[in-house]
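Student: This structure is in structure tokens; I'll ask about it shortly.
The values are calculated or read from the model by the stated rules, or taken from the named source; none is laboratory data. The model shown is predicted, which means the values in this text are computed figures rather than measured ones. As a convention, Cβ positions derive from the backbone with ideal geometry for all residues, glycine included, and neighbour counts pool all protein chains shown.
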Amino acid sequence: MHLSEIIPLLAGAPEFRALVDTLQGGARAAWSDGLTAPARALFVAALRTEAPARPLLLLVPSAERADQLAEDLMALGVAAVQVYPQLALPTAEEREHAASVAVDLGALRDRLQALRDLLAAAPTVVVAPITAALQPVPAPTHLRDYSLQVRPGDRLALDEVARKLTAMGYERLPTVEEPGQFAIRGGILDIFPVNEANPTRVDLFGDDVDSIRAFDAGTQRSLQPLPHLLVLPVVAPADGDAGDLLDYLPAQALAVVEDPRQVESRFEEFCSEHAADTGETTEREARRRLATVAERLRRHTALYLTLGARSAAWDHAAKAFPFTSHVVANLGGITPALQAIEEWRHSGWRVVIASDRSERLVELFAENGVPITTQAEEAAAESNARARPALCVHGALSAGCLLPSLKLALLTDGEVFGTRKVRRPRRVVRQGQRITSLAQLKEGDHVVHLQHGIGVYRGLVQQNVEGATRDYLHLEYAENTRLFVPVEQLDRVTKYIGSEEHPPQVHRLGGTEWQHTKQRARARVREMAAELVALYAARQAAQGHAFGPDTPWQAELEESFIYEETPDQLTAIQEVKSDMERTQPMDRLVCGDVGYGKTEVAIRAAFKAVTDGKQVAVLVPTTVLAQQHFNTFSERLAAFPLTIETLSRFRSPKEQARVVKGLREGTVDIVIGTHRLLSRDVAFRDLGLVVVDEEQRFGVAHKERLKQLRTSVDVLTLTATPIPRTLHMSLSGIRDMSTINDPPEGRTPIRTLCVERTAEVVREAIVRELDRDGQVYFVHNRVETIEALAEHIRRLVPHARVAVGHGQMPEERLEKVMLDFYDRQYDVLVCTTIIESGLDIPNVNTILIDNAPHLGLAQLYQLRGRVGRSPRQAYCYLLFDPRRMLTEVAEKRLEAIREFSQLGSGFQIALRDLELRGAGNLLGAEQHGFMLSVGFDLYCRMIAEAVKELRGEEVTDFTLPPADLPVDAHLPATYIHDDRQRLDLYKRMSASRTREDVQSFEEELRDRFGPVPDAVANLLEILRLRVAAAEAGVESLAATGEHLTVKLSARTRLSEKEITALWGSAVARRPGWRWVQVRPDRIVVELQGASALAAAVAVVRAVAEREKLLAAAKRSASLAAAKRPQRVGRGWS
């Protein structure tokens, strides 16, 4: 049974019917007194069933209440519910000075969708906080005039469309990846409307719209056709052309105002905060605006929901309809909850439980002998009985309520279990850019050529050789020597990923130094791989404790997780459990971006160990993190009889002694602590699992102690420093690693802005975050001026509570500041980079980093990762001093961190410093040096080869054979204008290995850029030829002058019979060429009018089908022999 089926219980109540009759009878306003917040969603849902086609606006006091009410309405089955969010809009001063302001594009899209639906009088339900409802928006006429609608068959002039889109606030770029961007390529228009979740591709035939398709911003491939396109403007309204949400309310709409007094109070508070900051608004002005709102609502039917006295401003004379409802407190666990339910049942009440865990709930009721059903009919059939069974319905509400007039107790998981699933908003989130995007070379970048070593990329150049136009990579080596690499050989060239501070040495073309460097690195890599393989083999041979299968308690713990697990998280959990159930000691590394759910993996592993009678040690690098982990573990495991302790400086010597004694005697199940846990005086009665958080932050001695532990107990290591995927793959089979790449549901990428540091930017960023009840980090890495900066912020934002934290403070004081900030006793923390790996605080969603150019890329990435831990849009401001000139390196660093802002970009994008740090942590400092000498990609390839060799596996280096043919084969600049796009496509083209790869590449070109010109068709044909040549065992194809030479690999030498069959085949005698040489290792063809490409295709096909030709030759010989006269005796037959 669904939760929506309980709505008729309220809809049939006499007091509800009286209210509905009054509103339908033409009354302009009514009051409903006595409904608590949990009951109001049920009340509104019942109202909705009475007039499902009527637009409905719900005005509520806060953004949190808007989210909660919308979630409850959706859970109750109400359709077309949307939240109208608050949006940080630029002030007039910012528009005048063109200051960079972060705009939450997801919130903008939601607002535009709501405005569009209300303007069309669609049957929508819009839930709006009062502060959002009164924010300025384009007037309805402006929204109509500054919109673009396109349908198939329409005529479009792309120049005019480009001008209009620019006026609407859209940015023209070569590739569309974010909302608010558009691109024009020939007859194709790509646009990402801010009102849509995906970008759209409009394909024109001449000036006529041929098709409209949605496409994926990550892959740039089309998804599905669309019947039409609507593009709404990005730009905020100009002064004097602004309205608000109420201007869009249709005449027939119903407006519901929840708690009018709270609405007034919240709006006045909001205005007074801004008055203190900007002097723009006063409390009197706030009241005047609210009075105007009340007056405008009188033009519609309005309903006011309240618990107490009415406000004079909101139609206080209208008729009132009293309801009585009560909030249900947390019942204190399953046993007290069952007792309360039994009391309600035996008092004749109907008990309905809305649960996400209905199966477990039914089991618990059955175990305790309490009647429960999931069928409404069964509950109704026993309605005459004094104690009807409880009814369990599938669904989740924010809280339960009691309705005495209906004798209805509506409960949720929160009241019964003590916890409930958090329903995070579902947003379409694009993953980080493909790894090939990172490899987009820029002129001046260092590159590694497999045969020639490290050089400098000087651009993509076009050259005409023997009448054929081709594209080449121009590489520069020592002594100004140049190398031109055909684009089809791009798989031999990789971007050098190494130290940002120490550029690599450029090699000499034809010199021996590169070969020596490769040999040295390969030898050391082999040694390292041999050690890893030996360690893995030793661990496989060792005997440890095999934990048993999951218990019912384990299932109960996992069901109580309030979030939805991501696929990667579930995979990591299963891999850890499988390791624990084997007899070999586990040594698994779980790697995931900050806030991606690694701690939950550790909690489930720890619980599995404890329920099997073992103790668990959780080792963390700082006392503050120890305290946070203790809080998290204690909260998650509160329902179970476990003893959890901490061991760190937070505890007194007496408390530490008690914990150490408990560990020795076995009375402590889980201990969480710093390196104090590795002290010699700490002994365990029966240690089964060690969880290590960020092992690289411990010293050498501590790591040696951990290495000893690894031989006897299971070890689970957690890290947020990205381990590169290429390295992960290279080590597969000798290092157990789990990677969590999936962002949690509802998480959005951090919007990153590089802006000049001004008082206006700082104040606006802080005020906007505080307006949504959030907190702010301000990173300033100079201790001597940090107090002065904090005082400056206090003057800029007087109502903000500002604290200071830095590494030179006494540790106890610093820890107290951090924990007070965690407890929301401060709004802004002005600090040094000590927060780089600090507390996980979901309420902090804005970070300002002062003098950002002075910090390294890895530091910037880690600092930015301190925000964005919740479904709210997070912002990172990279501030620089406008009076100082940025160096080229600093500018590149800021651009990289701004560009790679997508979720999981620590994995999807190879940020150089981070990847090297991750690889260095995993493999050690000595290997780090060899990695720098040959570049990261080649180093990973060496590791993979060494591991395969040591394991007795075949090492293959599969590359397509080169085809040097005098044919125009390239991506013309007239077809793809952007050089970086062309290079990216060439890079991906060079990675093609199968016919399917080539077909997919061609489909993408046609989809993104339109019909292919001749030069591109030739390029694709050559690519198909090379794939077929590789399958046939051809080593190379080259045409010089009038001759085509096809060389065969050692494994494809032709036999004498095959040579004879090829000579005699029809292809050898075809007009247009003449075969002049067929040897075991090559075929040479003289071109006599035919193109080299056509001849090459024919020869490769003949080589591939040589067995068929040989069989055909045998059949021909047999037939000839059969027809030849046979000699009988002395004559002929």
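Student: Scan segment 105-161 residue by residue and report those that are in contact with a Pro (Cβ under 6 Å, 6 or more places away or on another chain), buried (at least 17 other Cβ atoms within 10 Å of the Cβ) and modelled with pLDDT under 85.
Tutor: L105, A107, P138, Y146
Student: Within segment 248-287, restricting attention to residues that are modelled with pLDDT of 80 or more and of a type in the set (K, R), which residue is farthest from G26 (Cα to Cα)? Talk me through it step by step, then tell me what you get.
Tutor: Residues of segment 248-287 modelled with pLDDT of 80 or more: 248-267.
Filter once more, so that each one left must be of a type in the set (K, R): 261, 266.
Values: R261: 25, R266: 31 Å.
Ranking the candidates gives R266 first.
Student: Are there any pairs, at least 6 apart or on different chains, whose C-beta atoms fall under 9 Å, with the first in segment 202-221 and free of Cβ contacts under 8 Å to residues at least 60 places away in the same chain and farther than 19 Å from Q149 by Cβ and the second among the charged types (D, E, K, R) and in a strand (DSSP E or B), and if so, which?
Tutor: G206/R155
Student: Just a yes or no: is a residue in segment 1021-1039 assigned by TED's automatic domain parsing to the domain that holds K1108, in contact with an Asp or Glu (Cβ under 6 Å, 6 or more places away or on another chain) and crowded, with 19+ Cβ neighbours inside 10 Å?
Tutor: No, the conditions are met nowhere in segment 1021-1039.
Student: Which of (1) within 16 Å of D579 (Cα to Cα); (2) exposed (fewer than 13 other Cβ atoms within 10 Å of the Cβ) does G544 not meet, given it meets every other one?
Tutor: So the condition that G544 fails would be (2).
Student: Which residue out of E915, E895, E1004 is modelled with pLDDT of 85 or more, assigned to a helix (DSSP H, G or I) and within 24 Å of the chain's Cα centre (by Cα)? Explain how you work it out, then say what you get.
Tutor: Details: E915 fails: modelled with pLDDT of 85 or more; E895 fails: modelled with pLDDT of 85 or more.
The conditions single out E1004.
Student: Still on this model: Which of the residues spanning segment 458-475 are touching a residue at least 24 places away in the same chain (Cβ under 8 Å), in contact with a Phe, Trp or Tyr (Cβ under 9 Å, 6 or more places away or on another chain) and surrounded by fewer than 21 Cβ atoms within 10 Å (Cβ to Cβ)?
Tutor: Selection gives L460, Q462.
Student: Do you know which of the residues in segment 59-80 that are in contact with a Lys or Arg (Cβ under 9 Å, 6 or more places away or on another chain) and under 15 Å from D117 (Cβ atoms) is surrounded by the fewest Cβ atoms within 10 Å (Cβ to Cβ)?
Tutor: A79
Student: Sticking with this one: Looking at the structure I just gave you, is E954 modelled with pLDDT of 65 or more, surrounded by fewer than 21 Cβ atoms within 10 Å (Cβ to Cβ) and not assigned by TED's automatic domain parsing to the domain that holds Y596? Break it down into steps so the answer makes sense when it comes.
Tutor: Working: modelled with pLDDT of 65 or more: yes; surrounded by fewer than 21 Cβ atoms within 10 Å (Cβ to Cβ): yes; not assigned by TED's automatic domain parsing to the domain that holds Y596: yes.
When the stated conditions are applied, E954 passes them.
Student: Among the numbered criteria (1) assigned to a helix (DSSP H, G or I); (2) hydrophobic (A, V, I, L, M, F, W, C); (3) closer than 19 Å to W553 by Cβ, which single criterion is violated by L625?
Tutor: Every condition holds for L625 apart from (3).
Student: Do you know which residues across segment 564-603 are more than 13 Å from S738 (Cβ to Cβ), without any contact (Cβ under 8 Å) to a residue 60 or more places away in the chain and in contact with a helix residue (DSSP H, G or I) (Cβ under 6 Å, 6 or more places away or on another chain)?
Tutor: Q584, I603
Student: In addition: For segment 476-497, give me each residue that is in a strand (DSSP E or B), aliphatic (A, V, I, L, M) and touching a residue at least 40 places away in the same chain (Cβ under 8 Å).
Tutor: Filtering segment 476-497 for residues in a strand (DSSP E or B) gives 476, 482-486, 493-495.
Right, trim to aliphatic (A, V, I, L, M) and you get 483, 485, 493.
Passing the criteria: only V493.
Student: If I go through segment 557-597 residue by residue, how many of them are among the polar types (S, T, N, Q), more than 20 Å from the chain's Cα centre (by Cα) and surrounded by fewer than 19 Cβ atoms within 10 Å (Cβ to Cβ)? Can you show your working first?
Tutor: Taking segment 557-597 first, the residues among the polar types (S, T, N, Q) are 560, 566, 569, 571, 574, 578, 583-584.
Narrowing the set further to residues that are more than 20 Å from the chain's Cα centre (by Cα) leaves 560, 574, 578, 583-584.
Then keep just the ones that are surrounded by fewer than 19 Cβ atoms within 10 Å (Cβ to Cβ); that gives 574, 578, 583-584.
Result for segment 557-597: 4.
Student: Next up: Given the residues R163, R111, which is the only one that is under 30 Å from E769 (Cβ atoms) and assigned to a helix (DSSP H, G or I)?
Tutor: Working: R163 fails: under 30 Å from E769 (Cβ atoms).
Exactly one residue qualifies, and that residue is R111.
Student: While we're on this one: If we keep just the residues of segment 649-677 that are of a type in the set (S, T, N, Q) and over 22 Å from G688 (Cβ atoms), which is surrounded by the most Cβ atoms within 10 Å (Cβ to Cβ)? Lay out the reasoning, then the answer.
Tutor: Going residue by residue through segment 649-677, those that are of a type in the set (S, T, N, Q) are 652, 656, 667, 674.
Pick out the ones that are also over 22 Å from G688 (Cβ atoms) and you get 652, 656.
Numbers: S652: 9, Q656: 21.
Ranking the candidates gives Q656 first.
Student: Yes or no: T219 of a type in the set (V, I, T), buried (at least 17 other Cβ atoms within 10 Å of the Cβ) and not assigned by TED's automatic domain parsing to the domain that holds Q86?
Tutor: Taking the combined requirement at face value, the residue does not satisfy it.
Student: Right, P853: buried (at least 16 other Cβ atoms within 10 Å of the Cβ), of a type outside the set (K, R) and outside the structural domain of D693 (by TED's automatic domain parsing) or not? So that I can check it myself, show each step before the final result.
Tutor: Values: buried (at least 16 other Cβ atoms within 10 Å of the Cβ): yes; of a type outside the set (K, R): yes; outside the structural domain of D693 (by TED's automatic domain parsing): yes.
Yes, satisfied.
Student: Here's something else I'd like to know. Have a look at L1093, L1062, L1054 and point out the one that is in contact with a Leu (Cβ under 6 Å, 6 or more places away or on another chain) and not in a strand (DSSP E or B).
Tutor: Going through L1093, L1062, L1054 in turn, just one is in contact with a Leu (Cβ under 6 Å, 6 or more places away or on another chain) and not in a strand (DSSP E or B): L1093.
Student: Which one is modelled with the lowest pLDDT, of the residues in segment 184-194 that are crowded, with 22+ Cβ neighbours inside 10 Å and either over 20 Å from the mean Cα position of the chain (by Cα) or closer than 12 Å to A162 by Cα (or both)?
Tutor: First pass over segment 184-194, keeping only residues crowded, with 22+ Cβ neighbours inside 10 Å: 189-194.
So of that shortlist, the ones also either over 20 Å from the mean Cα position of the chain (by Cα) or closer than 12 Å to A162 by Cα (or both) come out as 189-191, 193.
Values: L189: 95, D190: 95, I191: 96, P193: 92.
Step by step, filter segment 184-194, then rank; the result is P193.
Student: Output yes when any residue across segment 782-798 is surrounded by fewer than 21 Cβ atoms within 10 Å (Cβ to Cβ), farther than 26 Å from T748 by Cβ and within 31 Å of the chain's Cα centre (by Cα), and no when none is.
Tutor: no
Student: Mind checking which pairs have a first residue in segment 1073-1084 that is in contact (Cβ under 8 Å) with a residue 12 or more places away in the chain and among the hydrophobic types (A, V, I, L, M, F, W, C) and a second that is part of a strand (DSSP E or B) and exposed (fewer than 14 other Cβ atoms within 10 Å of the Cβ), Cβ under 8 Å, 6 or more apart or different chains?
Tutor: Here the result reads I1083/Q1077; V1084/V1076; V1084/Q1077, each pair linking segment 1073-1084 to a residue that is part of a strand (DSSP E or B) and exposed (fewer than 14 other Cβ atoms within 10 Å of the Cβ).
Student: Taking the options V487, V465, name whichever one is more than 23 Å from A946 (Cα to Cα) and either of a type in the set (K, R) or at pLDDT 85 or above (or both). Walk me through how you get there before you give the answer.
Tutor: Values: V465 fails: either of a type in the set (K, R) or at pLDDT 85 or above (or both).
Exactly one residue qualifies, and that residue is V487.
Student: Something else: From the set of residues in segment 958-1001 that are part of a helix (DSSP H, G or I) and aliphatic (A, V, I, L, M), which is surrounded by the most Cβ atoms within 10 Å (Cβ to Cβ)? Write out each step before concluding.
Tutor: Initial filter on segment 958-1001 (part of a helix (DSSP H, G or I)): 979-990, 995-1001.
Subset that is aliphatic (A, V, I, L, M): 983, 985, 989, 998.
On the way: L983: 24, L985: 19, M989: 20, V998: 20.
Among residues in segment 958-1001 that are part of a helix (DSSP H, G or I) and aliphatic (A, V, I, L, M), the one surrounded by the most Cβ atoms within 10 Å (Cβ to Cβ) is L983.
Student: Just to be sure, is P52 farther than 22 Å from A302 by Cβ, outside the structural domain of E769 (by TED's automatic domain parsing) and either modelled with pLDDT of 80 or more or buried (at least 21 other Cβ atoms within 10 Å of the Cβ) (or both)?
Tutor: Values: farther than 22 Å from A302 by Cβ: no; outside the structural domain of E769 (by TED's automatic domain parsing): yes; either modelled with pLDDT of 80 or more or buried (at least 21 other Cβ atoms within 10 Å of the Cβ) (or both): yes.
So P52 fails the test.
Student: Mind listing just one residue for me: the one in segment 810-831 that is closer than 16 Å to I786 by Cα and either modelled with pLDDT of 90 or more or within 27 Å of the chain's Cα centre (by Cα) (or both) and, of those, surrounded by the fewest Cβ atoms within 10 Å (Cβ to Cβ)?
Tutor: Among them, the one singled out is V817.
Student: Looking for something surrounded by 23 or more Cβ atoms within 10 Å (Cβ to Cβ), of a type in the set (S, T, Y) and closer than 27 Å to Q862 by Cα - is there at least one such residue anywhere in segment 627-646?
Tutor: Within segment 627-646 (the criterion being surrounded by 23 or more Cβ atoms within 10 Å (Cβ to Cβ), of a type in the set (S, T, Y) and closer than 27 Å to Q862 by Cα), the answer is yes, since at least one residue qualifies.
Student: Identify, please: which residue in segment 532-580 is among the small types (G, A, S) and not in a helix (DSSP H, G or I) and is, among those, nearest to E949 (Cα to Cα)? Steps first, answer last, please.
Tutor: Residues of segment 532-580 that are among the small types (G, A, S), as a first pass: 534, 537-538, 541-542, 544, 546, 548, 555, 560, 572, 578.
Checking which are not in a helix (DSSP H, G or I) leaves us with 542, 544, 546, 548, 560.
Values: A542: 24, G544: 29, A546: 31, G548: 36, S560: 47 Å.
Among residues in segment 532-580 that are among the small types (G, A, S) and not in a helix (DSSP H, G or I), the one nearest to E949 (Cα to Cα) is A542.
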